[in-house]
Structure formats: structure tokens, C-alpha cells
Amino acid sequence: MAKPSSSAFFSETTSRLPDDTVFFSIFPDSSLSGAGSETSAALQSLHLEIIDFVSPFTSPYIWQHEPFSLSIALSSSCACTDTAMPHLHGKLKYGDNLEDEWFAVFLLFRISAAFPSNSIRVWDTDGEFLLIEAAFHLPRWLNPETSLNRVFIRGGDLHIVPRSRLPDPSLVASLRFLIERGNESRATDSVQSALKNRISDYPERAWRNMHRVRVRVPISVAQVLRHEPLLISLAVEGFYDRDVDSMKHAAKMEKFLCKGRDEELVLVLVKMSRAMYGQLVQQKFQAPNCYPMPSVSDRDAYTEAELGMKIACGLEMMYQQRKKGGEDGKGISWSNYKENLEKNGYFEGLLYGSKEYKRLMENAEEYYQKSSSFSRARDIMSAPVRRIDEILALPFTEDDFKGLEVPVSDSDSWLYDGEDELNSVLQERQKEMEFYNSKKERKKKAKEKQEAGSSSDANMNNFDLGDISKSMQQFIQNVSSYKGAEVPESRDFKEVNLDVDRFMKDIESALGSQAHDEHAGDESDGSEGSSMDMDFDDFEDDSEGEESNEDAKESFKESYYGVMNEELKNSTLEKSFEHVNQHSSKQKEESSKTSDEKDDEFTPIDADFNLVKNLLESYSSQQGLPGPASNLLGLMGLQLPKDSNEKN
């Protein structure tokens, strides 16, 4: 049978992986040199060191289906790699208890920090699930299609082999890159933070996930659980995954209920995960007719016996199904272990009985003895039938469990108050999403601003300053109605209400003295009648009066301008304006003759130039903020380009 390639775990064949199972591989840097006795010895030593390192974390924990374990792979027979590279590998079925998977991830991060010369891969049915956890912080190019052989745990951090360095990396190429240029592959701080926040509560969180509960079970069940507490997970699994065939075994209870209804139940304390407890409590199950149940009137005893009944039935169904199907594993015996060593080329073709062969054999025996304590839990879970038979073959009686003080059960309020925890998790995810969206929006605005800036720079040369003076002239010369200066109708201005009566009263109040003086002057004329009594003869010579008035106005205007010019000559107002440069060559020749005359007059002023200059100075002084210049230009439909010296 052809061995599966590593790409099978990231392509369409991913569905072939066992559901609810996490896989992991540990590649020592020394494994890149190939297989050999020295490599095998180093791998065995590393295996024992890792076992000793993780034992304090895993010893108080009950796994949902199988314990955390590692095995040595000396060839390409392992499904996690398609190369003949010696490494450690393992898998863990977590089922409905997701805590098992993340506890395993925590252990792998701890292992990588304690043993920095190793690169670790971890994946499950969903593929690179570590990337899913940090999805909001990943580079855009990284996706399930481009993540193959890129994601590793090394030195306590997550590493992602960059695409710019290795466009299509093999496993060996990625491992070499991590060794030689690991500083370039380390993921960003935001990715590290997202993952480490997820596992920051471990191992305490894993230990808190354990639930202790008092149950009443048959003596045989109590004997098995006392010697092998790990078998509670197989008992819960057998009960939770029961079918019609397994229910037939529960109806008879041939293994764990020898006396039938005459069997006495004993009180014991059982430790299990919260997921297991929830699976037992939430399912309704009728006790078999042969099972002894206490009276319903004794509520506490009945509840303890009901939970114990589910455990006993689950243990019975699991035992009988495995025994009937011959699914009980052989465990890791010395003969099996030795056979695997020979198959994987551990002895390198050495003659049996030679000095070198004996040395390798002694090393293998020493390793087997040291690792047997760790593999014992795995053997129990893979060969429960044999272990149960061994336990029940030992002598035991009811007196072994009577008179023992059993602690009270842990509170199961967490089973009914999970809404707060769920809302907390959802809020955290919502915050991550909002942060991601805001970050994305900021990048979008920065890009638009940059594009707008480049566009304004490109249009700077095309902007005609003459448009300002032309627009201002059109604005001033435009004939407006009594409502005031006309502006584009699209602009939203609040309507101003004018109280006409109040306005006229204020005018009369302000002009009252002047009106009174004029009225007094009229009375001093000595006229006795009203204006209606005047004769029309007074208007007969109207044209002559108009000509005289025009002459008087012209004379007044000239004298007024003269006085005003004299006043302005002594001020600095002239220096504040830019003047028209109309000095032609002819004027230069005559300048000496007319210098005295020009001293009495102002040189012409360039009104358009002064208008544009003052508007630009006013606009610049606003420093990008709203102001009179930008408002006035906006009314005329003009928008000045940004100042090139303006800071963004």
C-alpha cells in the first residue's frame, strides 16, 4: 500500500483523517542528517527527556479518549511525513472535549521552549488550526493552499516560513530554513499574542476541567476504577456511543453484575472531565431490569446510583464489544518493540551477537524500561479488556470499600451557568473582529489619502490662480436678491427669520435724534401748510437744477479724493499692496522729468494679484483647518490644492 503524502492533510483528502483528532510531530535538528544508530540513540534520549518533562503536567489529568503520547518513527512509515526522517510523532483523539486539544497544544509549546533545537508540527482535521485561531493577524497571502510545510512551533514561538524565501517549500527545506534563518520565520507579535492568550490559562485550566463526583456502583466496577482511574473515559465513551447491539450487553450485565439485583452498591469518588460528566448527566437512560437501584424517595442515594449505573453500563458495553470484535490491542510489549526496531533498521545489518549489536540491544532495553511507565497509560487504553481481567482476577471484597470517607461532589453549577462564559468568549471574538475591521479601515483611508495626495500633487501644476480672481469678480458682480449673496443651492444653510417690525423700531430708535432735527429744520422754514399745498410751479425749471447738482457732486468728489490721497500719502498702506510694473523703456527715459509729478500720485495697484495673494496667505494660515478663506472659496466652487509643505 502506498504511503500517504503530507499533502494529504491539507487537500481534499483531509476528510480521510480521523475526526476530532489532533496530530503532532517533533523533528530534532539532528534528524536532518539522516537515520543511523547515533540518530536513533539521540532520538530515544530526547523521547525520555520529553516524557519526564510533561509528566508533571499530565499526571493529574483524565483525557477524554486517549492520553497524550509520543512514539519514535525511524522511517517514512509515519503518515505525517513522506521522508525517511527520524522523528517523534503522536496523535490524540479529543472527541467532544476541546480542552484536550488545547492542552496538547500547550504541552507542545512548552516542549519547544524547553527543547529549542526541535521543530514541531501540529494539525487536526481542519488543517492548520493554529492559524485559524490567529486568523485576524495573518498575512493576506497565507491560506490553506499556501500553508503546507510552513507552520511550525519552535523555541516557544510560532514560525511561518515566508513565501518570499521559499515559494513552494518541502518539509526538509522548511526545517533547514528554521535552523539557519529562524529569526525571519518567527510570526508577528500579534499572532504570537493571539495564540498564547488561548493557552495562557494552562495547565491550571486543564486541571480545573476535572470534575469529582460521588457515585454508587457495583463492587467490581469500584475495583476496576480504583486500580485504573483512566478507564472512566472508556466507560463514558461506551455509554455515550451506545447502539442497539451494545445495549443488549447492558441488559444482561454479565461481567460487572454477577449477583444481579442482589449485588450491593458501594459509594466511591470518581474523577472525570467536565465533558464526560455532561455526557452522563444530560442523557436519559433507563436502568436495566437486573440492575439494583435504590428507592426514589432517597433522592441523594438515587442520584448517586443513577450516575453510577450509567458508568457501569458503559463499562460493560465497552468491554463486551471489544472482546467480541477482537479489538483489544497488544500494547507495547518487548517483543513488539524489538520487532519494530529491526524493521526500521535500528541494528544496521549487524550480526546477531556481535559486540556492536549487543551495545545497541542494551541501549534499547534500557530505553524500553524507562519508557514503560509512560506507555503504560497508553497500553491500558488500547488493551482495556486484558487489564480489566487482570484487575478482577485479584481478590477483593465489599469490606474494601465500606467505612471509607468519601468527599462530597464538586459543584456542577458550571453545567448550567455556561452562558456567561460563552458571552465572554463571544465578546473577545467581537473585539478581535472590530479591531481587525478598524485596522483594515485605517489602511484603506491611508491608501485613499496617499492616492488623493498624489492626485493633488499631479494637479498642482494644472491649477490656475487666475480662476480665483475671475471667480471673485463674478461673485461680486453677480446681482443678488434681497436675500443676500447667492450660493449653490446644494449647500445646507439654516433659514434666518427677520422680525420686520422689531427691525423698524430699532432703526427708528437709532435715527430718532436725526429725524427730530430734520423735523425741527422743516418747522423753521415758516411754511404753514403741508407739502400738498406746494405749487407745481416750483418744478418747472427741473433740468437746470439737475445740471447744477451734477456739477456740485463732481466738485465734491474731486475735493474728497484729494483730501483722502493726502491722508494716505502719510500712511504705510501703500507698502501693503503689490503695484503694477508698467515701466517701459520710454517711461524710464521720462522718469526723471515726471518724478516730481508721480510723487503726488499712487502707482497703479494690481487688484487681482493682491486678491489672490491675500487669499492664499489666509488659506495657508488656517493650517488645514476650516477658516474664512476656504469657506469663501468653497462658496465660489473653488478648492485649492494642498500646500506641499503641509504635514500630513
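None of the figures in this text is laboratory data; all of them are computed from the coordinates on show. Just so we're clear, the structure is a prediction, and the values are computed from it rather than from any experiment. Backbone-built Cβ (ideal geometry, glycine too); neighbour counts: all protein chains shown.
A few remarks follow.
- DSSP-assigned coil residues among trypsin sites (Lys or Arg not before Pro) in segment 230-327, each with at most 16 further Cβ atoms within 10 Å: Lys259, Lys284
- Under the convention that each Lys and Arg Cβ holds +1 and each Asp and Glu Cβ holds -1, the size of the dipole of segment 107-206 around its Cα centre is about 280 debye.
- Pairs exceeding a 26 Å alpha-carbon distance, out of Lys93/Lys271; Lys255/Lys310; Lys91/Lys310; Lys271/Lys310; Lys91/Lys431; Lys470/Lys569: Lys91/Lys310; Lys91/Lys431; Lys470/Lys569.
- Distance violations [Cα-Cα > 20 Å] among Lys323/Lys402; Lys284/Lys324; Lys248/Lys324; Lys252/Lys402: Lys323/Lys402; Lys284/Lys324; Lys252/Lys402
- Two-site label geometry, Asp506 and Lys444: point separation in nm, points 7 Å out along Cα→Cβ: 4.9 nm
- Scalar couplings 3J(HN,Hα) for segment 401-412, obtained by applying the Karplus form with A = 6.51, B = -1.76, C = 1.60 to θ = phi - 60°, are 10, 8, x, 7, 7, 9, x, 6, 6, 5, 5, 9 Hz; x denotes Gly and Pro.
- Label-point separation, Glu38 to Ser411 (7 Å along Cα→Cβ), nm: 6.0 nm
- In order along segment 171-178, the Karplus-derived 3J(HN,Hα) couplings, from 6.51 cos²θ - 1.76 cosθ + 1.60 at θ = phi - 60°, round to 4, 5, 4, 5, 5, 5, 4, 4 Hz, and Gly and Pro are given as x.
- Extension gain for Asp262 to Lys613 (0.36 nm times residue separation, less C-alpha to C-alpha distance): 115.4 nm.
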